[in-house]
Every structure is written in structure tokens, then in C-alpha cells.
Amino acid sequence: MLYRYIPDVSRAIYEVLELMVSGHKSKRQRYGVEYQEMLDKVAGREVTEATIKQKLTQHVQQVFLHPSLFLDLSICWKISWEVLFIN
């Protein structure tokens, strides 16, 4: 069900992150310190579209294993963000 959206979602997320990285250095400062590590990983190609696709796939599998996560979207978003960029 959710798996069919993963390629489009991962592509869209990566394109937005690339736009953020390619922006002028002064604009990057506006995103805040908490996003700097993520943007550096995208700039350094540590995070790619394939990485995002893999992490989203893993997260969707976790949601199916733990349906209670699916009900609380705020938890899902927090976990997704941490899975994609912190781990």
C-alpha cells in the first residue's frame, strides 16, 4: 500500500534537500543549526536519493510491524526524521 509512494516521496524529499544545499550560503544559515548536519550530509553525498528510499522502506516496514505507530502521525514524523538523518 504505502510502498508504491516511496520512489516519488524519496525523489521529492531529495530534490528539496538539494535545492536547500545549492542555495547561497547566507540562505542556508536561515534553516538553523539543527538542519546544518543534514544539509552537510546531502552536500557531501552521504545522504542520497537511494539512502532516503532505503530508510523510508525500512520505516514503512516498521509501521506495519507496529500498527500503533501508524495511528500517531506526530510519532511517525519524528521517527522518520530521525531515521533519515540522524541514524
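The values are calculated or read from the model by the stated rules, or taken from the named source; none is laboratory data. In this text, all values refer to a predicted model and were calculated from it rather than measured experimentally.
Kindly indicate whether any position in the stretch 43-53 is at pLDDT 85 or above and under 14 Å from Leu2 (Cα atoms). Taking every residue of the stretch 43-53 in turn, at least one turns out to be at pLDDT 85 or above and under 14 Å from Leu2 (Cα atoms). Criterion applied to Ser74, Ser80, Ser10 was being at pLDDT below 60 and under 13 Å from the mean Cα position of the chain (by Cα), and the one residue passing it is Ser80.
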